[in-house]
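K.L.:
Structure in C-alpha cells, see below.
The values are calculated or read from the model by the stated rules, or taken from the named source; none is laboratory data. As the structure is a prediction and not an experimental result, all values here were calculated from the model. Please note: Cβ atoms are built from the backbone with ideal geometry, for glycine as well, and neighbour counts cover all protein chains shown. Remember, those area values only see protein heavy atoms, side chains included, never the ligands or the DNA or RNA. Shrake-Rupley method; radii C 1.70, N 1.55, O 1.52, S 1.80 Å.
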Amino acid sequence: MSQDTAQNATQVLDASPDGITRAAQLLRQGDLVSFPTETVYGLGADARRGDAVAAIYAAKGRPSFNPLIAHVASVEAAKRYVIWNAWAECLAHAFWPGPLTLVLPLKPEHGISELVTAGLNTLALRVPAHPTAQNLLAELGGPVAAPSANPSGRISPTTADHVMAGLAGHIAAVVADGPCTVGVESTIVGLAGEAPQLLRPGGLAAEQIEAVLGQPLRGRDLHDPLTAPGQLLSHYAPQERVRLNATEARAGECYLGFGPHRGARADDLTLSDTGDLGEAAANLFGHLHQLDALGRPIAVAPIPETGLGVAINDRLRRAAAPRDASPSNQE
C-alpha cells in the first residue's frame with residue numbers, strides 16, 4: 001500500500017466518471033481498489049505490478065499458492081496474454097462479457113505478474129459485464145487481478161458495505177454501485193488440457209456451457225492440485241458453523257431456508273420463497289452475512305443440485321467444511 005493510502009482511511013467512491021478516474025489513478029500507483037462486478041465485489045490491483053498484487057494477498061490474508069483471476073475489457077484484450085483456441089473462441093462468443101472465467105496457457109512475454117498465476121503456466125481470465133467494472137478497465141487500459149474483496153476464507157461481498165466491514169483501512173478505496181446481481185463467483189472452465197474441464201461451478205450453469213460446446217465438461221476432484229481460484233476445501237465461511245440439508249433449526253441455530261423450507265424465527269431468512277435458484281444465488285452471500293451477524297450457528301435448507309444449485313451447494317459445502325490450520329484448507 002502506498003504512502004498516500006497509508007495516511008488515509010479507505011475512500012468510498014461513486015461510479016461517476018470522477019469516481020472511476022480516481023479509482024484508476026489509485027490502481028496505477030499500486031494501490032488496491034474494490035469494485036463491483038455482476039458476480040461479487042472484487043479486490044483489484046494492476047495485474048502487471050507484482051508489488052500491487054502482493055498487496056492483495058496481504059490485505060486478504062490469502063496464501064500465495066492460490067491463483068487470481070485477471071479481469072480484462074474484451075476478448076481482444078484477453079488474447080494479448082494467453083494462447084487462444086477454438087474452445088475459448090466458442091465460449092467467449094457465447095458468454096462474454098459475463099460470469100465465466102477461462103483458464104488458458106500464457107503467451108511468452110505476457111507481462112502478467114507471477115503472483116497472479118501463483119507460478120502456474122496458465123492464466124484465469126474474465127470479461128465482466130458490470131458497466132462499472134467495464135468503465136474502470138477501460139480507464140485503466142490494462143488487466144486487473146481481482147479476487148473477492150473479503151478477508152480470505154470468509155463470506156464473499158455482494159455490496160460495498162460488505163467490503164468495508166471486512167477490509168476498511170486495509171485498501172485504498174471501494175467503488176460503490178449497489179448490490180451484485182448474480183451473487184456468486186464466476187464459473188471457471190479450464191481450456192489448457194485435452195478437453196474442457198469444470199474447475200469451479202459458479203454463476204453460469206454448466207449445462208449452458210456444455211450446450212454451447214456440444215460436449216460434457218470434465219469434472220475435477222476436490223483433492224486435485226489447485227489450478228484456479230476458489231478450489232480450497234474451506235472457503236466462503238461465516239464465523240459460526242454451518243449445517244447443511246437441514247429441514248429445521250436446532251436449539252440455538254438460525255435458519256436459511258429455500259422454497260417450502262422456512263425458518264420459524266423472525267430473524268430467519270429464505271433464499272427464495274418460490275424456489276428460484278437465480279434468486280437464491282443472488283441472495284446467498286448477503287443472507288449469510290446477515291445471519292452471521294446474529295452470532296449463532298446457521299442451519300441451511302436443502303438446495304437442488306441442478307443448474308445454479310450446483311454453484312450454491314459448492315459454496316455452502318466449502319462454508320461448512322471443517323476448518324484447520326493446514327494450508328490446503330485455508331485461503
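K.L.:
Given the structure, is residue 108 outside any helix (DSSP H, G or I), open to solvent by less than 50 Å² (accessible area, probe 1.4 Å) and out of contact with any Asp or Glu (no Cβ under 7 Å at 6 or more places or on another chain)?
P.N.:
Answer is no for this residue.
K.L.:
Can you find a residue that is over 29 Å from residue 173 (Cα atoms) and without any contact (Cβ under 8 Å) to a residue 60 or more places away in the chain anywhere in segment 108-116?
P.N.:
Yes, segment 108-116 contains a residue that is over 29 Å from residue 173 (Cα atoms) and without any contact (Cβ under 8 Å) to a residue 60 or more places away in the chain.
K.L.:
What about residue 33, is it at pLDDT 95 or above, open to solvent by less than 10 Å² (accessible area, probe 1.4 Å) and more than 18 Å from residue 151 (Cβ to Cβ)?
P.N.:
no
K.L.:
Here's something else I'd like to know. For residue 12, indicate whether it is farther than 23 Å from residue 202 by Cα, of a type outside the set (Asp, Glu) and either open to solvent by 50 Å² or more (accessible area, probe 1.4 Å) or without any contact (Cβ under 8 Å) to a residue 60 or more places away in the chain (or both).
P.N.:
Yes: the conditions hold for residue 12.
K.L.:
Identify, by number, the condition in (1) modelled with pLDDT of 95 or more; (2) open to solvent by less than 10 Å² (accessible area, probe 1.4 Å) that residue 38 doesn't meet.
P.N.:
(2)
K.L.:
Where residues in segment 1-30 are among the small types (Gly, Ala, Ser) and touching an Asp or Glu at 6+ places or on another chain (Cβ under 6 Å), which of them is modelled with the lowest pLDDT?
P.N.:
2
K.L.:
With respect to residue 261, is the statement that it is at pLDDT below 95, under 22 Å from residue 159 (Cα atoms) and surrounded by fewer than 23 Cβ atoms within 10 Å (Cβ to Cβ) true?
P.N.:
no
K.L.:
Let me ask something else about it. Can you find, within segment 181-220, the residue that is farthest from residue 123 (Cα to Cα) among those that are buried (at least 16 other Cβ atoms within 10 Å of the Cβ) and of a type in the set (Lys, Arg)?
P.N.:
220
K.L.:
Please find, within segment 117-148, the residue that is surrounded by the fewest Cβ atoms within 10 Å (Cβ to Cβ) out of those that are within 16 Å of the chain's Cα centre (by Cα) and small (Gly, Ala, Ser).
P.N.:
Only one residue fits best here, namely 129.
K.L.:
Do we find a residue being in contact (Cβ under 8 Å) with a residue 12 or more places away in the chain, farther than 20 Å from residue 151 by Cα, in a strand (DSSP E or B) and more than 19 Å from the chain's Cα centre (by Cα) anywhere in segment 87-97?
P.N.:
Taking every residue of segment 87-97 in turn, none turns out to be in contact (Cβ under 8 Å) with a residue 12 or more places away in the chain, farther than 20 Å from residue 151 by Cα, in a strand (DSSP E or B) and more than 19 Å from the chain's Cα centre (by Cα).
K.L.:
Return the pairs, sorted by first residue and then second, in which the second residue is in a loop (DSSP other than H, G, I, E, B) and open to solvent by 30 Å² or more (accessible area, probe 1.4 Å), the first residue lies in segment 193-207 and is touching a residue at least 24 places away in the same chain (Cβ under 8 Å) and of a type in the set (A, V, I, L, M, F, W, C), the beta carbons are less than 9 Å apart, and the residues are 6+ apart or on different chains.
P.N.:
Going by the 9 Å Cβ cut-off, the qualifying pairs are 199/220; 199/227; 204/182; 204/308; 205/306; 205/308; 206/216.
K.L.:
Condition check: open to solvent by 40 Å² or more (accessible area, probe 1.4 Å), under 22 Å from the mean Cα position of the chain (by Cα) and of a type in the set (Ser, Thr, Tyr). Does residue 306 satisfy that? Can you show your working first?
P.N.:
Values: open to solvent by 40 Å² or more (accessible area, probe 1.4 Å): yes; under 22 Å from the mean Cα position of the chain (by Cα): yes; of a type in the set (Ser, Thr, Tyr): yes.
It is true that residue 306 is open to solvent by 40 Å² or more (accessible area, probe 1.4 Å), under 22 Å from the mean Cα position of the chain (by Cα) and of a type in the set (Ser, Thr, Tyr).
K.L.:
State which residue is farthest from the chain's Cα centre (by Cα) when the search covers only segment 59-79 and only residues that are free of Cβ contacts under 8 Å to residues at least 60 places away in the same chain and either assigned to a strand (DSSP E or B) or surrounded by fewer than 16 Cβ atoms within 10 Å (Cβ to Cβ) (or both).
P.N.:
Of segment 59-79, the ones free of Cβ contacts under 8 Å to residues at least 60 places away in the same chain are 64, 74-76, 78-79.
Now restrict to residues that are either assigned to a strand (DSSP E or B) or surrounded by fewer than 16 Cβ atoms within 10 Å (Cβ to Cβ) (or both): 64, 74, 76.
Values: 64: 16, 74: 19, 76: 23 Å.
By that ranking, first place goes to 76.
K.L.:
Restricting attention to segment 291-301, does a residue exist that is under 24 Å from residue 210 (Cα atoms) and either surrounded by 15 or more Cβ atoms within 10 Å (Cβ to Cβ) or under 20 Å from the mean Cα position of the chain (by Cα) (or both)?
P.N.:
no
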